[in-house]
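The values are calculated or read from the model by the stated rules, or taken from the named source; none is laboratory data. What you see is a predicted model; the values in this text were computed from it and never measured. Backbone-built Cβ (ideal geometry, glycine too); neighbour counts: all protein chains shown. Note: accessible area is taken over every heavy atom of the protein model, side chains too, but ligands, DNA and RNA are not part of it. Shrake-Rupley method; radii C 1.70, N 1.55, O 1.52, S 1.80 Å.
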Amino acid sequence: SVTNGVLLELDYVLGREAPTPRGVASARGVLDALSLGRNAASVHGWVVDVALPAAGRGPVTVQVSVDFQPVAAGLAADARPDLVPAGVAPDAHHGFNLSLGVAVATRLQQGRHTLDVHMIGSPSSELPWPLQGSPLCVCDGKLCSC
């Protein structure tokens with residue numbers, strides 16, 4: 001609708017929730033864990049985009065942001081044999097384990113931070129698509145509520 005010259009996109013059509021935007025329903029992923037130590041940090045999980053050729057056999061790129069600034073990116077192409085029997089991926093090569101580096105680990109040890117993991121650069125990621133379990137909040141080196 002247009003209100004005072006501002007275009008607002010509404011998520012309802014005739015009183016019902018609008019359909020999911022193109023591509024979003026074809027992507028699935030989970031941030032399983034954040035491992036955090038004094039000098040090391042990493043994120044672990046999986047992601048698949050079945051909108052990719054061959055029903056999602058190709059790897060997806062995941063990006064990690066801390067306080068809305070990208071700090072790491074990599075392919076979700078590690079073996080995750082549990083995904084095929086669960087029916088969430090066409091093959092087992094959709095896991096990721098990304099190291100965030102010493103600087104990020106040190107930064108997360110002090111203060112309150114928001115860590116977000118999302119997929120980028122694939123058909124279903126027209127907008128940054130957060131993985132289930134993301135974002136996480138980290139307070140003084142420990143998970144806390146957002």
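Selection of first residues in region 131-142 that are over 22 Å from residue 49 (Cβ atoms) and of second residues that are aliphatic (A, V, I, L, M) and not in a strand (DSSP E or B), restricted to Cβ pairs under 7 Å at least 6 apart or on distinct chains, gives the following pairs, ordered by first then second residue: 138/108; 141/108.
Restricted to strands (runs of 3 or more DSSP E) entirely inside region 52-143, those with at least 3 residues that are open to solvent by 40 Å² or more (accessible area, probe 1.4 Å) are 69-76, 93-99.
Candidates 76, 54, 105, 72: the one that is under 14 Å from residue 29 (Cα atoms) and among the hydrophobic types (A, V, I, L, M, F, W, C) is 76.
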